[in-house]
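Beneath this line is the structure, given in structure tokens, with notes to follow.
The values are calculated or read from the model by the stated rules, or taken from the named source; none is laboratory data. What you are looking at is a predicted structure, and each value in this text was computed from that prediction instead of being measured. Glycine gets a Cβ as well: all are built from the backbone with ideal geometry, and neighbour counts include every protein chain shown. Calculation scope for accessible area: heavy atoms of the full protein, side chains included, ligands and nucleic acids excluded. Shrake-Rupley method; radii C 1.70, N 1.55, O 1.52, S 1.80 Å.
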Amino acid sequence: MLPSILGRKVGMTQVFLEDGTAVPVTVVQAGPCHVLQIRSKERDGYEAVQLGFEDKPRRLAARSERGQVAALDSKRSKNRAAAGVEVAAKADCEPQRFVREFRGPVNATVGDALTVEQFTDVKNVDVTGTSKGRGFSGVMKRHNFAGQRASHGVKKCHRHAGGTGMSASPSRVFKGKKMPGQYGNSRVTTRNLQVVSIDTENNLLLVRGAVPGPNGGFVSIRQTNKV
Amino acid sequence: MSNAIMDMVNKANQKEEAPKFDIGDTVDVHTKILEGAKERIQVFSGVVIGRSGKGSQEMFMVRRIVAGQGVERKFPVHSPRIDKIEVKRSGVTRRAKLYFLRDRVGKAVRLKERRRV
């Protein structure tokens, strides 16, 4: 299993390295993350580890969310125990707010708490988050089109795309033509970001450059597999 | 943005005691320069004509005249490459950015000295 963790984007700032160069960094508060479940080839068809981040108040958690992290007492569980069904291992922690799976061979057990310490020797990471939503956006913002001229006869079309296709042949607009539409609020991965420093005491990870999403947004971080 | 975690990270990147100088001061900025394996100190002296940014990202601008040509250099206040900042002389100023000095030549560049009480 590659070093992986869940966290929350705190914000961006600038830090000085030992040699005095100033580096732009994103501060991510990451872990400790409980291992909630282990996916195995025999049972689930794939190998993965399921992590949870940040406790959710019990009053906000559904019963199924509580059952995910701890063994609950119910008529059904009693019936199942009587029938000889073994209960899956539980992490025995509070319900978690942000739960994600990381695929790959597993070397953890349910209930383990993963911290930023895993990243001590890691040089680069991939960070996945949900990008800031920009709503229904035009082509200039969404696809970096150039738009049209400010003058020289252009009327009311300064931010338009221009032509979308050819003429009588093919008489249609090709599929996949870049047009206005929903932009942002989608899953985005920024790859190969350098780990500048880690702070095990405060569970902080400082990553060089920008990370998808707003400040306070959840992100998942894993060692990059990019060569 | 103010946030306890951000404040902590920023604080760790600031010098414990921020160098003290004002706009209009004539200062000597001692910068560490790496030449191969050797480190030496270079001094840039001139008038502080402005400060920008805040916290660990604060910068200051120093202007001097070299061979009749105005030269401005911007330094980060908290950079570990800055060894020290010596205040040689304080000038009287009524504004935060002394960009008007750029249009002045010769004797007019001088600022009136402020007497420290």
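Taken over segment A:209-227, the residue count meeting the criterion of being crowded, with 16+ Cβ neighbours inside 10 Å and either on the phi > 0 side of the Ramachandran plot or not in a loop (DSSP other than H, G, I, E, B) (or both) is 7.
Here B:GLU113 passes the criteria (1) away from chain A (no Cβ under 14 Å); (2) within 27 Å of B:GLN14 (Cα to Cα); (3) acidic (Asp, Glu) except the one numbered (2). I'd like the residue in segment A:1-35 that is in a loop (DSSP other than H, G, I, E, B) and at the interface with another protein chain (Cβ under 9 Å from one of its Cβ atoms) and, out of all such residues, is farthest from A:PRO214 (Cα to Cα). Residue satisfying both the conditions and the ranking: A:ASP19. Given the criterion touching a residue at least 24 places away in the same chain (Cβ under 8 Å), closer than 17 Å to A:VAL219 by Cα and surrounded by 15 or more Cβ atoms within 10 Å (Cβ to Cβ), identify the matching residue among A:PRO3, A:PRO95. Residue meeting the stated conditions: A:PRO3. Residue count for segment B:16-72 satisfying the condition of being farther than 28 Å from B:ALA108 by Cβ and among the hydroxyl-bearing types (Ser, Thr, Tyr): 2. Those residues that are more than 9 Å from the chain's Cα centre (by Cα) and more than 10 Å from every other protein chain (Cβ to nearest Cβ), I need them from segment B:46-59; list them, please. Once the filter is applied, which keeps residues that are more than 9 Å from the chain's Cα centre (by Cα) and more than 10 Å from every other protein chain (Cβ to nearest Cβ), segment B:46-59 yields B:SER52, B:LYS54, B:GLU58. Considering only residues in segment B:26-60 that are modelled with pLDDT under 90 and part of a loop (DSSP other than H, G, I, E, B), the one that is most open to solvent (accessible area, probe 1.4 Å) turns out to be B:LYS54.
Looking only at residues in segment B:11-25 that are out of contact with any strand residue (DSSP E or B) (no Cβ under 6 Å at 6 or more places or on another chain) and surrounded by 11 or more Cβ atoms within 10 Å (Cβ to Cβ), which one is farthest from the other protein chains (Cβ to nearest Cβ)?
B:ASP22
Just so you know, in segment A:119-167 the residues that are in a helix (DSSP H, G or I) and not assigned by the TED database to the domain that holds A:GLY213 include one that is nearest to the chain's Cα centre (by Cα), and it is A:ARG142.
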